[in-house]
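The values are calculated or read from the model by the stated rules, or taken from the named source; none is laboratory data. All values reported here derive from a predicted model rather than from experimental measurement. Quick reminder, even Gly has a Cβ in these numbers, built from the backbone with ideal geometry, and neighbours come from all protein chains shown. Heads up: the accessible areas ignore ligands, DNA and RNA and are worked out on the full protein's heavy atoms, side chains in. Shrake-Rupley method; radii C 1.70, N 1.55, O 1.52, S 1.80 Å.
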Amino acid sequence: MPALAKTYDVKAILERLGIEKVNYGAFDGEWFGNGSKSASYSPIDGELLGEVIQANAEDYERVVKNAAKAFEMWRMYPAPRRGEIVRQIGEELRKYKDDLGALVTLEMGKIYAEGKGEVQEMIDIADFAVGLSRQLYGLTMHSERPLHRMYEQWHPMGIIGIISAFNFPVAVWAWNAMLAAVCGDSMIWKPSHKTPLCAVACTKIVQRVFERNNLPPAIMSLVIGRGADIGDRMINDKRIPLISATGSTKMGITIGEAVGRRLGRTILELGGNNAIIVSDKADLDMALRAILFGSVGTAGQRCTSTRRIIAHADIYDQLLNDLKEAYKSVPIGDPMEDGTLMGPLVDNEAVKTMMEAVESIKKEGGEIVCGGEILTGDAYKSGNYVTPCIAKVENSYKIVQNETFAPILYFIKYNTLDEAIALHNDVPQGLSSSIFTTNMLESETFLSAKGSDCGIANVNIGTSGAEIGGAFGGEKETGGGRESGSDSWRAYMRRQTNTMNWSTELPLAQGIQFGVKK
Ligand code: NAD
């Protein structure tokens, strides 16, 4: 149960992060804002955490102009020195890990351990980007023409627009921002209106680093404002060559269309419908623990949350019963308190959506095995606390085919591996996936070209909790494009192919003769 008397000091956490009662929502080196005021309430107990004066259209213009100016300078700053700035940002984040992790918990409701984990991801990607700043490699090629040299180089691209979702209010920005920074881009961040204070806190942290180094803090700019006012401007703005957006598939379609129309580029990280196949040859204890974290962690509000269990008929009943017992013992309550495993949903709207989904499951013929209720009482006064739900369903149900951003876990039965993989892939989304099996033929089949169709496929690990070293992203309606590790950095740069002629002749490619007689 949420503690009625808190064991932590919200005011002190906010103060240490520089969050005021009223904050400006636009930043280009200076803080300002002339739009409407918006309040941020904690989903834990409805406490007002702070207000933000959002950016209006003129504020947006000012931010873009200054981000463009910052880019002109930053693109000529050598990449390894850009890496040094990102190294300092990583150091600063280490200092603020506990407080920033706490703010993530206070503002969006994930448990404190996960809040701090999110900041750890920011530190990890900063470290990764520092190394990357000396490894923005291009290829060299052999020219078909004599005394010619061909190579390619990667140049900074411009202003990157980063649109982020509420559920990873700081890490996803960092995945983009740290890479974009070493790539020599400036950027403008539009966070979710549900988590504005996390964005203000992050921007204040990086502001100090840029100022200390006499660099324009507009390299990492911020505009807080509702989708229609600010988001629409960003996605239609030709001065922003790349929009990296995280959010629902519905939002991704709007953004993809708008940016595509102006032939801009996108990285779209959208909704998932992630499944775990549990084979009759699985270590069931391991599977159970992974399913529990994947389905109940972050109260089912991760893009990689486990939504579907595709269980072999021989172990289906046992797994379902064990999981039902485990669900009963999940401590639900104040996510800042030790021992809590599940906090509230982000807002009342999310609770309503979950309850509607529970009704849809029943209407379509599914059976609720446990959970799916709203918790009431003084301790749950924000109204955002629910019990995680398990339901027996058919994969073809409309509700199962859609992502409900809440802790609902669907159970589906299979008999053969081919059938399991077909069920697994038979959804519109393609983000994360996993199989639990100790049989090599099964695991290799799952990872093969005829196996999982997702961007992420795991064996004996759940669907959520990716490391930053790999490229992160999905297929199908999950969008496309990759963030974070591996060679994702290439998306933030423009490639240029160069040919140098160091002869005194002018031979043409393909042996074409094009001489004029003198
Ligand atoms: P959302 O789609 O409501 O909002 C995401 C962001 O898009 C917000 O900043 C919002 O203001 C902005 N936005 C919405 N419409 C816009 C428009 N027309 N133009 C410009 N910006 C617009 O998503 P949410 O509720 O904040 O987050 C949950 C969703 O995000 C889930 O579907 C989840 O799966 C997905 N998600 C995906 C990933 C991933 O990496 N694949 C990661 C986190 C979350």
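Being touching a residue at least 12 places away in the same chain (Cβ under 8 Å), more than 12 Å from the ligand (Cβ to nearest atom) and surrounded by fewer than 23 Cβ atoms within 10 Å (Cβ to Cβ), is that true of even one residue in region 469-478? Yes; the residues of region 469-478 include at least one that is touching a residue at least 12 places away in the same chain (Cβ under 8 Å), more than 12 Å from the ligand (Cβ to nearest atom) and surrounded by fewer than 23 Cβ atoms within 10 Å (Cβ to Cβ). Being more than 16 Å from the ligand (Cβ to nearest atom), open to solvent by less than 30 Å² (accessible area, probe 1.4 Å), assigned by TED's automatic domain parsing to the domain that holds TYR385 and modelled with pLDDT of 95 or more is a description that applies to ALA311. Each residue in region 118-141 was checked for being among the charged types (D, E, K, R) and open to solvent by less than 60 Å² (accessible area, probe 1.4 Å), and 3 pass. Could we say that PRO169 is away from the ligand (no atom under 16 Å from the Cβ) and either within 30 Å of ILE44 (Cα to Cα) or of a type outside the set (Val, Ile, Thr) (or both) here? So PRO169 does not fit the description; no.
Looking only at residues in region 193-214 that are farther than 22 Å from PRO43 by Cβ and open to solvent by 10 Å² or more (accessible area, probe 1.4 Å), which one is farthest from the ligand (Cβ to nearest atom)? My answer is ASN214.
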